[in-house]
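Q: Below: one structure in structure tokens.
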Amino acid sequence: MDHLTKQQRSKNMAAIRNKDTKPEMIVRRGLWKRGFRYRLNCKRLPGHPDLVLRKYRTCIFVNGCFWHGHFVELSKMESSACCKIPATNHEFWVAKIRRNKERDKEEQKKLAAMGWHCITVWECELKPSKQEETLDSIAFTLNHIYLQDHSILKSFDVVEEESEMLKAAEG
């Protein structure tokens with residue numbers, strides 16, 4: 001049972017921000033310290049990613065475990081270790097979290113179709129005991145994406161150069 005009145009709970013929920021949250025700030029500071037530069041909350045891209053790294057064609061979403069249903073299966077919609085669905089007004093919260101999860105998937109599909117990579121960082125992965133490991137993992141992934149994308153581009157350049165050399169030799 002909720003120990004707050006309906007008005008108090010409403011006021012608390014309305015005060016929750018969607019920009020410059022503590023988990024987002026941890027990721028931003030960690031990436032900046034590692035030499036990555038980014039844009040914030042790009043409104044031109046589907047889903048308005050929290051961080052956009054154009055050089056890496058990568059969007060980073062920093063998700064709160066509760067709001068985005070971390071470890072919650074869409075079919076069951078039961079509480080998980082880091083996402084406890086409230087018992088009061090349970091149907092509302094289940095529907096809301098389900099919509100959020102479905103919208104997240106759709107937005108990431110749209111971004112992938114546009115050629116963007118997506119990284120999702122969960123709030124629970126940024127606890128002090130896991131924070132550095134998570135940030136190092138993001139940095140490793142970004143470097144891997146960069147090298148992979150640029151090796152593909154270089155292989156295209158090599159093929160084009162070889163075909164130009166063959167044409168020049170023939171002509």
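Q: Write out, first by first residue and then by second, each pair whose Cβ atoms fall under 6 Å of each other, whose residues are 6+ apart or on separate chains, and whose first residue, in region 2-15, is part of a loop (DSSP other than H, G, I, E, B) while the second is not basic (Lys, Arg).
A: So the pair list comes out as Asp2/Thr88.
Q: May I ask you to list the residues in region 84-117 that are farther than 29 Å from Tyr56 by Cβ, out of contact with any helix residue (DSSP H, G or I) (no Cβ under 7 Å at 6 or more places or on another chain) and not polar (S, T, N, Q)?
A: The answer is Lys84, Ala87, His90, Glu91, Phe92, Trp93, Val94, Ala95, Lys96, Ile97, Arg98, Arg99.
Q: What is the residue count in region 112-131 for residues that are among the acidic types (Asp, Glu) and either open to solvent by 90 Å² or more (accessible area, probe 1.4 Å) or in contact (Cβ under 8 Å) with a residue 12 or more places away in the chain (or both)?
A: 1
Q: Select from region 87-111 the residues that are hydrophobic (A, V, I, L, M, F, W, C) and either touching a Gly at 6+ places or on another chain (Cβ under 8 Å) or surrounded by fewer than 13 Cβ atoms within 10 Å (Cβ to Cβ) (or both) and list them in ascending order.
A: Residues satisfying the conditions are Ala87, Phe92, Ala95, Ile97, Leu111.
Q: Also, quick follow-up: Give the residue that is surrounded by the most Cβ atoms within 10 Å (Cβ to Cβ), with candidates limited to residues of region 1-25 that are under 14 Å from Phe61 (Cβ atoms) and not hydroxyl-bearing (Ser, Thr, Tyr).
A: Result: Glu24.
The values are calculated or read from the model by the stated rules, or taken from the named source; none is laboratory data. In this text, all values refer to a predicted model and were calculated from it rather than measured experimentally. Cβ atoms come from the backbone with ideal geometry, glycine included; neighbour counts cover every protein chain shown. Accessible surface areas use protein heavy atoms only, side chains included; no ligands, DNA or RNA. Shrake-Rupley method; radii C 1.70, N 1.55, O 1.52, S 1.80 Å.
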